[in-house]
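Below is one structure; the comments refer to it alone.
The values are calculated or read from the model by the stated rules, or taken from the named source; none is laboratory data. Since this is a predicted model, take the numbers as computed values, not measurements. Cβ placement follows ideal geometry from the backbone for every residue including glycine, while neighbour counts extend to all protein chains displayed.
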Amino acid sequence: MDQAKEFFVKEGHQVPVVGETKRGTSDPTYLMYTLGKLAILKLRADYQQRIGSQFSLQDYHDRFTKTGTAPIKIVRRELMGADGPGL
């Protein structure tokens, strides 16, 4: 638990971390949620870099949700194009 708390504070910039630590160490679905979240945040950063000053969080959100429930790999291809950076 101490190691997990330290990780959340250092890497996740989260305080307080007791709840997240308990969930992260006891819920088997937490990893998939977290990996998905990180993939979405990386896609947002890559898309923002690609669009530059024209980036709009609303536009990103609209384009992302327009893809429905497609896997993130498909959403990435839709937003970044075939030659966009990978995960």
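Quick notes on this one:
- Cβ-Cβ distances below 6 Å connect the following pairs, each with a first residue in the stretch 1-17 that is under 17 Å from residue 27 (Cα atoms), a second residue that is charged (D, E, K, R), and a separation of six or more residues or different chains: 8/20; 17/5.
- Pairs meeting the criteria (first residue in the stretch 28-50 and at pLDDT below 85, second residue not acidic (Asp, Glu), beta carbons under 6 Å, at least 6 apart or on different chains) are 30/23; 30/24.
- Some residue of the stretch 47-65 being in contact with a Gly (Cβ under 8 Å, 6 or more places away or on another chain) and surrounded by 11 or more Cβ atoms within 10 Å (Cβ to Cβ): yes
- Filter result (of a type outside the set (Asp, Glu) and surrounded by 14 or more Cβ atoms within 10 Å (Cβ to Cβ)) within the stretch 10-21: 14, 17, 21
- Against the conditions (1) part of a helix (DSSP H, G or I); (2) exposed (fewer than 15 other Cβ atoms within 10 Å of the Cβ); (3) in contact with a Phe, Trp or Tyr (Cβ under 6 Å, 6 or more places away or on another chain), residue 36 satisfies every one except (3).
- Filter pass, residue 52 being outside any helix (DSSP H, G or I) and over 30 Å from residue 2 (Cα atoms): no
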